[in-house]
Amino acid sequence: FQPKALLGKRVLVTAGPTFEAIDPVRGITNLSSGKMGFAIARAAREAGAEVTLVAGPVDLPTPRGVARIDVRSAQQMHDAVLPRAVRHDVFVATAAVADWRPATLSEHKIKKDGKKLAPSFELTENPDILAAVAALPERPYCVGFAAESENLLAHARAKLQRKRVPLIVGNLGPATFGRDDNALLLVDEQGQRELPEGGSTADKLSLARQLVREIAARIAA
Ligand code: C5P
């Protein structure tokens, strides 16, 4: 008999992309499928935790026993997460949050109307949800993700410092968005470790289960 590693713990997870509206029919988004975050929510629930999943626009079923809150923009994700974060033991930020949004939202569809010039958009920065949670006085154990196209380890190390979180999980897979398998690089102050070990890949649910075990061990320590 294996005791459930997160029994009695509360886990908050963000997943998926965000969508930043330009006008009523257009917006800026990214290719995150939400699969890794949904797998983590499921694995945390299996490990006995009470799980809240804040999801951007994705096409995935809610894992059994998980409370789901659907949002669209980064600001909405921020507003759903921040008031809840203090009541959680763990926060796992897997969402691929848009860093910027259009500075103004056009009320009506932007038309070509014979204009020769393409419209240009001013962008404004979105709130950094993970950094905001990590700055709370009674903060949960915070885990960030890093999806980079180059220099993963250096970027992950920089994120540990910049966001002041104890653990950053890097996506080692070359094109992880939308895939079912991946490899992860766990980076903390002490060093780094690959999941799975030995340079192979694994499906996202088995990676999520391993990551949940790792997080459970860290909060118990
Ligand atoms: O800042 P960057 O996108 O490089 O960091 C990625 C990590 O920070 C991920 O865990 C992501 O979920 C989180 N993040 C966030 N809010 C943002 C940007 C990123 O929570 N606005």
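Before moving on, here are some points about what is shown:
- Each residue, L136 and A67, gets one label point 7 Å from its Cα in the Cβ direction; the gap between the two is 1.3 nm.
- Tensor-based shape of segment 139-221 (alpha-carbon gyration tensor, a/c under 1.5 rounded, otherwise prolate or oblate): oblate
- Based on Cα contacts under 8 Å between residues 6+ apart, segment 76-196 shows a relative contact order of 21 percent.
- A run of the chain free of exposed loop cleavage sites, with GluC sites (Glu not before Pro) counted only in DSSP states other than H, G, I, E and B and at most 14 other beta carbons within 10 Å, reaches its longest extent at 1-106.
- Of L117, L136, L167, the sequence from fewest to most neighbouring Cβ atoms within 10 angstrom is L117, L136, L167.
- Magnitude of the charge dipole for segment 14-124, about its Cα centre and with charges confined to Cβ atoms of Lys, Arg (+1) and Asp, Glu (-1), is about 320 debye.
- When the chain is treated as a Gaussian network with alpha carbon springs shorter than 10 Å, the biggest mean-square fluctuation among K35, K111, K204 belongs to K111.
- Ratio Rg/Rh [Cα only; Rh per Kirkwood] for the chain: 1.00
- Cβ-based charge dipole, segment 104-151, positive-most Cα from T104, P127, P140: T104
- Cα gyration tensor, segment 99-158 - rounded (a/c under 1.5), prolate or oblate: oblate
- Summarising the amide proton neighbourhood of S33: residues at separation of 5 or more, or on other chains, whose placed amide H is nearer than 5 Å comprise G178.
- The alpha carbon centroids of segment 60-126 and segment 193-219 are separated by 28 Å.
- If both residues of a DSSP beta bridge must be in the chain, then about 40% of such bridges are antiparallel.
- GNM remark for the chain: springs join alpha carbons under 10 Å apart, and the peak mean-square fluctuation among A183, A135, A85 falls on A135.
- Loop-located chymotrypsin sites (Phe, Trp or Tyr not before Pro) in segment 1-90 (DSSP state not H, G, I, E or B) with no more than 12 neighbouring Cβ atoms inside 10 Å: F1.
- Mean sequence separation of contacting Cα pairs (under 8 Å, at least six apart), scaled by the length of segment 68-143, corresponds to a relative contact order of 47 percent.
- In a reduced charge model with +1 at each Lys and Arg Cβ and -1 at each Asp and Glu Cβ, the chain shows a dipole moment near 360 debye about its Cα centre.
- Across segment 1-138, the relative contact order, built from alpha-carbon pairs under 8 Å that are at least six residues apart, equals 31 percent.
- Along segment 28-39 the Karplus relation, 6.51 cos²θ - 1.76 cosθ + 1.60 evaluated at θ = phi - 60°, assigns HN-Hα couplings of 10, 9, 9, 8, 4, 8, x, 4, 5, x, 5, 5 Hz to successive residues, with x for each Gly and Pro.
Every number here is computed from the coordinates shown, using simple stated rules; none is lab data. As the structure is a computational prediction, the values presented were derived from the model and not from experiment. Glycine also receives a Cβ, built like all others from the backbone with ideal geometry; neighbour counts cover every protein chain displayed.
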